[in-house]
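Below is one structure, written out as structure tokens, with a few remarks after it.
The values are calculated or read from the model by the stated rules, or taken from the named source; none is laboratory data. No experiment lies behind these values; they were computed from the predicted model shown. Note: ideal-geometry Cβ built from the backbone for every residue, glycine included; neighbour counts use all protein chains shown. The protein model used for the area step is the full one, side chains on, heavy atoms only, and it has no ligands, DNA or RNA in it. Shrake-Rupley method; radii C 1.70, N 1.55, O 1.52, S 1.80 Å.
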Amino acid sequence: MRSSRKIASCTGHSPRVPRGIRNNNPLNIRRGVQWRGLRDFATDKAFCEFKSMDYGFRAAFCILRTYFSKRGVRTLRQLISRWAPPTENNTEAYIRKVRLLAGLRDADSPLPPPWNPMAMGLWKDIVLAMAAVENGCDMQDYRQSCIKGWKMVFS
């Protein structure tokens, strides 16, 4: 992460580990869709639980692909405003934090399509930054899972 402020690690298995990490669901995707890779026996009534972090990232990239291709989302501001609407979140703070963690100059410049292989690094940074905001901790230990999730969707 490119932020100068150090945040706690998300690794471990204690009850204090954030819900998104315990559920292998780094962007806290709500239940509803029968995603590939869901756990056979889930206990969380509100959020998906995946068999591995790779599948959690895969689901996130599937949603972002839909935002980009069918919902006209083209900027970080549009993306976060849809993902974390003001009715449920401090959307401006979320945008600001993701922009800083992902190393973006601004939130209003057009983003390349997430399926563009040349943009995979940028989208990895954005998704890991969103996961850091969702979970309140450093997600860099999950870089490889994020890349695997992207490849499951776009390769």
message: Criterion first (over 17 Å from Asp125 (Cβ atoms) and crowded, with 20+ Cβ neighbours inside 10 Å) does Phe50 satisfy it?
response: yes
field: In segment 124-149, residue farthest from Asn23 (Cα to Cα) [restricted to those that are open to solvent by 10 Å² or more (accessible area, probe 1.4 Å) and among the aliphatic types (A, V, I, L, M)]
entry: Ile147
- prompt: Does Gly56 satisfy being closer than 15 Å to Val153 by Cβ, without any contact (Cβ under 8 Å) to a residue 60 or more places away in the chain and either among the β-branched types (Val, Ile, Thr) or open to solvent by less than 20 Å² (accessible area, probe 1.4 Å) (or both)?
  reply: no
- prompt: Taking segment 105-125 as the region of interest, how many residues are among the aliphatic types (A, V, I, L, M) and either under 14 Å from Phe68 (Cα atoms) or touching a Ser or Thr at 6+ places or on another chain (Cβ under 6 Å) (or both)?
  reply: 2
task: Scan segment 136-155 residue by residue and report those that are closer than 16 Å to Ser52 by Cβ, among the polar types (S, T, N, Q) and touching a residue at least 40 places away in the same chain (Cβ under 8 Å).
output: Ser145
- line: By residue number, the members of segment 76-99 that are more than 13 Å from the chain's Cα centre (by Cα) and outside any helix (DSSP H, G or I) are Pro85, Pro86, Thr87, Glu88, Asn89, Asn90
task: Can you give me the number of residues within segment 105-123 that are farther than 16 Å from Met139 by Cβ and open to solvent by 30 Å² or more (accessible area, probe 1.4 Å)?
output: 12
message: Among the numbered criteria (1) in a helix (DSSP H, G or I); (2) within 15 Å of the chain's Cα centre (by Cα), which one does Ala119 miss?
response: (2)
message: Looking only at segment 76-93, count every residue that is out of contact with any Asp or Glu (no Cβ under 8 Å at 6 or more places or on another chain), surrounded by 19 or more Cβ atoms within 10 Å (Cβ to Cβ) and over 14 Å from Asn28 (Cα atoms) and tell me the total.
response: 2
One residue from Val33, Val73, Val17 being open to solvent by less than 40 Å² (accessible area, probe 1.4 Å), out of contact with any Lys or Arg (no Cβ under 9 Å at 6 or more places or on another chain) and in a loop (DSSP other than H, G, I, E, B): Val17
